[in-house]
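> Before we start, here is the structure in question, set down as C-alpha cells.
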There are 2 protein chains.
Amino acid sequence: MRELEERIIKDGRSIGSGIVKVDGFLNHQLDTGLIMRMGEEFARLFAGSGANKIFTVESSGIAIALAAAVSMGDLPVVYAKKSVPSTMSEFYSTAVHSFTKNVDNTVIVSRSFIGSGDRLLIIDDFLATGSAGLGLVDLARQAGAEIVGFGAAIEKTEQGGRKALEDLGIEVRSLAVIASIEDGNIIFNH
Amino acid sequence: MRELEERIIKDGRSIGSGIVKVDGFLNHQLDTGLIMRMGEEFARLFAGSGANKIFTVESSGIAIALAAAVSMGDLPVVYAKKSVPSTMSEFYSTAVHSFTKNVDNTVIVSRSFIGSGDRLLIIDDFLATGSAGLGLVDLARQAGAEIVGFGAAIEKTEQGGRKALEDLGIEVRSLAVIASIEDGNIIFNH
C-alpha cells in the first residue's frame, strides 16, 4: 500500500535494533483517514476469505481491525486482552513474547466470543517474529475456530513471522513489507 | 442514544457492585455498526466544540474514539497508554485508579502528540467515579491543551464522575446514562 509506505518513510523512525517507530500515525496517535483506508485495503486483500469476524489483540490492533471490519460489512471485532478482567471467568489463554519489551505476556480471550463456528481474519499492526500472531492463532485453535487469513499493517519479513504462519497453512498479506533497514533507511519489498 | 440503551438492556449484564458488563459489544467483542453509529452521535453532540483532536485512553476507548473521529471529519486520535514503551522518552504521566480492579495505574502520553495549540475532545467508554476521565484531563492540562468536551459512552451518574468534571468547567455528554441498578434491572436517565 503505497500511501502507508510513503508515510512510514516520512514519519516512521528507525531507532535501532530493527525497530521502526510509527507512533505518530499508527499506534499512539492515529491518522484516522489513513487507518480507514488501511481497512479498505485489508478488505480488498481478503475479499474472498469468507471471514465472519476479525480477531486482533489490544491495544494497537484495535483501530485497524475496526477499520477492516467496517469495510467488510460491519463484521464483529474481537480483541484479545493482555490482562484478565475481574469480571471474566471463562477464557482461553496463551503466552506471547514481546519483541520490544523483551518479556512474556499472557494474552486471553473470553470463551464467549470465539468458537468452532467462526472463520477468523486475524489483523495486527506488526508482523515481525510472529510471536503475537502465533499467540492469536493458538487462541483461535483452542476455541476450535478456523483461521481464514492473517493481515499485518507492517511486516518485517526477515524476522521469520511470515514463515512461521505460512508453515501453519495460513495466508499472510501485509500492507507494507520492510525488507531491511540499512543506515536508518527503510527498504520495502513490493 | 436509544439503540445503545436497548443494547445494554439486551446484552449488558449487571454483575453486582454497580458494574455493568458490556464486553459482548463494547469492550472485548465490538459491534462494529453500533460503534460507528455511536461515533456519529458523539459528532452530533459535539458539533460546535471546535475540537481538533480526540483524546482517549487504551484499550476500550480506542474504538469509539476512532468512530467519533471519522464522523468529525477524520480528526486525529491520541490514546494515552497504560505502560511506557521502551521507545518513548518524553511524556506526561498521571495516576488513575481502576474502579473494577481496585489498583492505581500510571497513564502516560507522549509530549509529541498533545500540546498548547490543541482543542481536545476527550472520549471514553465509561464515566463512573471519573478517575480515568480526570487522569486524561490532568494529562491534557500538563500539555497546556484546551479541553472542549468530555463524551462517555455509558455514564453512571451517581458515582460522581460527571460532577467532578463539571466542577472543572468541562461539558459532559453521555450516550447512555444509568441512573441506578435495582435487583439487576438497569434504570436509565433521559
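The values are calculated or read from the model by the stated rules, or taken from the named source; none is laboratory data. All figures in this text were calculated on a predicted structure; none of them were measured in a lab. Methodologically, a virtual Cβ is constructed for each residue, glycine included, from the backbone with ideal geometry; neighbour enumeration extends over all protein chains shown. Note: areas computed on protein heavy atoms with side chains; ligands, DNA, RNA excluded. Shrake-Rupley method; radii C 1.70, N 1.55, O 1.52, S 1.80 Å.
> From (1) at the interface with chain B (Cβ under 8 Å from one of its Cβ atoms); (2) more than 14 Å from the chain's Cα centre (by Cα), pick out the condition that doesn't hold for A:VAL77.
(2)
> For the stretch A:146-169, give me each residue that is under 21 Å from A:VAL78 (Cα atoms) and open to solvent by less than 10 Å² (accessible area, probe 1.4 Å).
Those that are under 21 Å from A:VAL78 (Cα atoms) and open to solvent by less than 10 Å² (accessible area, probe 1.4 Å): A:GLY149, A:PHE150, A:GLY151, A:ALA152, A:ALA153, A:ILE154, A:LEU165.
> Could you tell me which residue of the stretch A:47-74 is farthest from A:GLY33 (Cα to Cα), considering only residues that are facing chain B (nearest Cβ under 9 Å) and in a strand (DSSP E or B)?
Ranking the qualifying residues of the stretch A:47-74, first place goes to A:LYS53.
> Just give me the residues in the stretch A:31-41 being touching a residue at least 24 places away in the same chain (Cβ under 8 Å) and within 13 Å of chain B (Cβ to nearest Cβ), in sequence order. Can you show your working first?
We begin by selecting, within the stretch A:31-41, every residue touching a residue at least 24 places away in the same chain (Cβ under 8 Å); these are A:31, A:34-41.
Across the stretch A:31-41, the qualifying residues are A:ASP31, A:LEU34, A:ILE35, A:MET36, A:ARG37, A:MET38, A:GLY39, A:GLU40.
> So B:GLU3 ticks every box in (1) open to solvent by 40 Å² or more (accessible area, probe 1.4 Å); (2) within 8 Å of chain A (Cβ to nearest Cβ); (3) modelled with pLDDT of 95 or more but one. Which box is left unticked?
Condition (2) is where B:GLU3 drops out.
> Right, here's the next one. Suppose we filter B:VAL77, B:VAL84 for residues that are under 24 Å from A:VAL20 (Cβ atoms), open to solvent by 20 Å² or more (accessible area, probe 1.4 Å) and touching a strand residue (DSSP E or B) at 6+ places or on another chain (Cβ under 9 Å); which single one remains?
B:VAL84
> Follow-up question, since we're still on this one. Specify the residue that is farthest from the other protein chains (Cβ to nearest Cβ); the eligible residues are those in the stretch B:10-30 that are among the charged types (D, E, K, R) and surrounded by fewer than 21 Cβ atoms within 10 Å (Cβ to Cβ).
Within the stretch B:10-30, the match that is farthest from the other protein chains (Cβ to nearest Cβ) is B:LYS10.
> How many residues are open to solvent by 70 Å² or more (accessible area, probe 1.4 Å) and assigned to a strand (DSSP E or B) when one looks only at the stretch B:170-186?
3
> Quick one: which of B:SER59, B:SER49, B:SER112 is over 28 Å from A:ILE108 (Cβ atoms) and in contact with a Lys or Arg (Cβ under 9 Å, 6 or more places away or on another chain)? Steps first, please.
Details: B:SER59 fails: over 28 Å from A:ILE108 (Cβ atoms); B:SER112 fails: in contact with a Lys or Arg (Cβ under 9 Å, 6 or more places away or on another chain).
Selected residue: B:SER49, the only one of B:SER59, B:SER49, B:SER112 that is over 28 Å from A:ILE108 (Cβ atoms) and in contact with a Lys or Arg (Cβ under 9 Å, 6 or more places away or on another chain).
> Within the stretch A:101-143, restricting attention to residues that are part of a loop (DSSP other than H, G, I, E, B) and open to solvent by less than 40 Å² (accessible area, probe 1.4 Å), which residue is farthest from B:PHE25 (Cα to Cα)?
A:ALA128
> Which pairs turn up if I take residues in the stretch A:98-119 that are aromatic (Phe, Trp, Tyr) and look for partners that are open to solvent by less than 20 Å² (accessible area, probe 1.4 Å) and not in a strand (DSSP E or B) with beta carbon separation below 6 Å, at least 6 apart in sequence or on another chain?
From the stretch A:98-119, the pairs are A:PHE99/A:ALA128.
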